Amino acid sequence: MLTARLSYNGPVDVSELGEFGLIERLTRLVAVESPDLIVGPGDDAAVFRSGDQFLIATTDTMVEGVHFDSLFGTWADVGWRALATNVSDIAAMGGTPTFALVTLALPKNTPVGAMDALYAGLGECARAYGVTIAGGDVVRADEVVITVALLGRAETLDGQPLLLRRSAACPGDAIAVTGTLGDSAAGLRRLQESAAMSDYARNRHLRPSPRVDAGQMAVRAGVRCGIDISDGLLQDVGHICEASGAGAILRASSIPLSDALRAAFPDEALELACTGGEDYELVLVGPRDLLAALAGVTVIGEVVAERGVRVLDDDGNEITFERPGWDAFHS
């Protein structure tokens, strides 16, 4: 294949736009309307009509040295996580994951045994969540890059899809989360420090457990707003607020923290929970009575009309952090 060198002397580079500014800019350049596209760019996944079904599509890429380090954990862990991050996007829409395509970009000296292990981890995750690996591609590159594209299926009611959307929050709604937050960020920090860590902390980072059941339970109960926590609680609640034209107040004392996190980082536990990211828990937003009836969720705040996301202590004082979460070009 012949390649050409491309150049462009634009006014800014991508780091100045940031990840989300770049996504917004590029989306405008390719905006195409289709009567079958139900959810386009700007949510956890796209949704489109196929016959009498509504399919959900997402994709995610992991780059060695940016999103994972093979010195931390095993190649099987990398394979599990590559698929699990995509499964979490389907969970965040309230859907069921079905078929995946996997593309590998590899240096030519990559050990075959490493890729065997990576696919073993992929296979473990696929079996755990009922996903079929249907194909993919392999190309040469300077570092290991793994891209997974995943399809899912939305449940329907009266011919319409049951979905969790970022844009469905209203002032007065409660905000809840599944599980505990901050454990993945704590696990990564302990790995980077070469510190001893429990199997729980290790697995929360290297082998996240997407909340597919919780997402399905929520849409069946009538909840219509949600997102998964990949970039950090504050960042992801901010995405909901931006899409919904609203704001949020979070109660610091209500944010669920594990005993392991409190013990390992007593002074930083709240910050890790609010900004660490990669927990792959769900944020669910809706009427308080609906959320209170769901098993395994904790109400942590409410949607308000005033824009912005604020974290308050028990005395009503705002708690601030250096950054709200992950941005591919700023973090």
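Looking at Ile146, is it hydrophobic (A, V, I, L, M, F, W, C) and in contact (Cβ under 8 Å) with a residue 40 or more places away in the chain? Yes: the conditions hold for Ile146.
Tally time: how many residues in region 70-101 are assigned to a loop (DSSP other than H, G, I, E, B), in contact (Cβ under 8 Å) with a residue 12 or more places away in the chain and open to solvent by 20 Å² or more (accessible area, probe 1.4 Å)?
Just the residues of region 70-101 that are assigned to a loop (DSSP other than H, G, I, E, B), to begin with: 70-74, 93-95.
Imposing the further condition that a residue be in contact (Cβ under 8 Å) with a residue 12 or more places away in the chain reduces the set to 70, 72-74, 93-95.
Restricting the remaining residues to those that are open to solvent by 20 Å² or more (accessible area, probe 1.4 Å) gives 70, 72-74.
Qualifying residue count for the region: 4.
The criterion of at least 3 residues that are over 30 Å from Thr74 (Cα atoms) and touching a Leu at 6+ places or on another chain (Cβ under 9 Å) is met, among strands (runs of 3 or more DSSP E) falling completely within region 166-260, by 174-178, 247-251. Quick check: is even one residue across region 20-28 in contact with a helix residue (DSSP H, G or I) (Cβ under 7 Å, 6 or more places away or on another chain), of a type in the set (D, E, K, R) and at pLDDT below 85? Yes, region 20-28 contains at least one residue that is in contact with a helix residue (DSSP H, G or I) (Cβ under 7 Å, 6 or more places away or on another chain), of a type in the set (D, E, K, R) and at pLDDT below 85.
Which of the following residues is touching a residue at least 60 places away in the same chain (Cβ under 8 Å), open to solvent by 30 Å² or more (accessible area, probe 1.4 Å) and either more than 19 Å from the chain's Cα centre (by Cα) or within 18 Å of Asp89 (Cα to Cα) (or both): Ala264, Ala252, Ala269, Ala246? Result: Ala264 is the single residue among Ala264, Ala252, Ala269, Ala246 that is touching a residue at least 60 places away in the same chain (Cβ under 8 Å), open to solvent by 30 Å² or more (accessible area, probe 1.4 Å) and either more than 19 Å from the chain's Cα centre (by Cα) or within 18 Å of Asp89 (Cα to Cα) (or both). Those residues that are of a type in the set (Val, Ile, Thr), open to solvent by 30 Å² or more (accessible area, probe 1.4 Å) and within 25 Å of Ser50 (Cβ to Cβ), I need them from region 138-155; list them, please. Within region 138-155, just Thr147 meets the criteria. Is it true that some residue in region 53-64 is more than 20 Å from the chain's Cα centre (by Cα), outside any loop (DSSP other than H, G, I, E, B) and more than 14 Å from Val145 (Cβ to Cβ)? Checked region 53-64: at least one residue is more than 20 Å from the chain's Cα centre (by Cα), outside any loop (DSSP other than H, G, I, E, B) and more than 14 Å from Val145 (Cβ to Cβ). For Gly121, the criteria (1) farther than 18 Å from Thr74 by Cβ; (2) open to solvent by less than 40 Å² (accessible area, probe 1.4 Å) hold in every case but one, which is (1).
If you go through region 124-137 and keep only what is of a type in the set (A, V, I, L, M, F, W, C) and open to solvent by 10 Å² or more (accessible area, probe 1.4 Å), you end up with Ala128, Val131, Ile133, Ala134. Selection within region 281-302: residues that are assigned to a loop (DSSP other than H, G, I, E, B) and within 22 Å of the chain's Cα centre (by Cα). The member of this set that is surrounded by the fewest Cβ atoms within 10 Å (Cβ to Cβ) is Ala295. Is region 306-324 home to any residue that is out of contact with any helix residue (DSSP H, G or I) (no Cβ under 7 Å at 6 or more places or on another chain), in a loop (DSSP other than H, G, I, E, B), over 21 Å from Ser209 (Cβ atoms) and at pLDDT below 95? For region 306-324, residues out of contact with any helix residue (DSSP H, G or I) (no Cβ under 7 Å at 6 or more places or on another chain), in a loop (DSSP other than H, G, I, E, B), over 21 Å from Ser209 (Cβ atoms) and at pLDDT below 95: present. In this structure, is Glu278 open to solvent by 40 Å² or more (accessible area, probe 1.4 Å), over 21 Å from Ile90 (Cα atoms) and assigned to a loop (DSSP other than H, G, I, E, B)? Against the criterion (open to solvent by 40 Å² or more (accessible area, probe 1.4 Å), over 21 Å from Ile90 (Cα atoms) and assigned to a loop (DSSP other than H, G, I, E, B)), Glu278 does not qualify. Taken over region 102-138, the residue count meeting the criterion of being in contact with a Ser or Thr (Cβ under 8 Å, 6 or more places away or on another chain) and either among the polar types (S, T, N, Q) or part of a loop (DSSP other than H, G, I, E, B) (or both) is 4. Of all residues in region 169-188, those being open to solvent by 40 Å² or more (accessible area, probe 1.4 Å) and either within 13 Å of Ala273 (Cβ to Cβ) or in contact with a strand residue (DSSP E or B) (Cβ under 9 Å, 6 or more places away or on another chain) (or both) number 3.
The values are calculated or read from the model by the stated rules, or taken from the named source; none is laboratory data. Given the structure is predicted, the values throughout are model-derived calculations rather than measurements. Ideal geometry is used to build each Cβ from the backbone, glycine not excepted, and the neighbour counts take in all protein chains shown. For accessibility, only protein heavy atoms count, side chains too; no ligands or nucleic acids. Shrake-Rupley method; radii C 1.70, N 1.55, O 1.52, S 1.80 Å.
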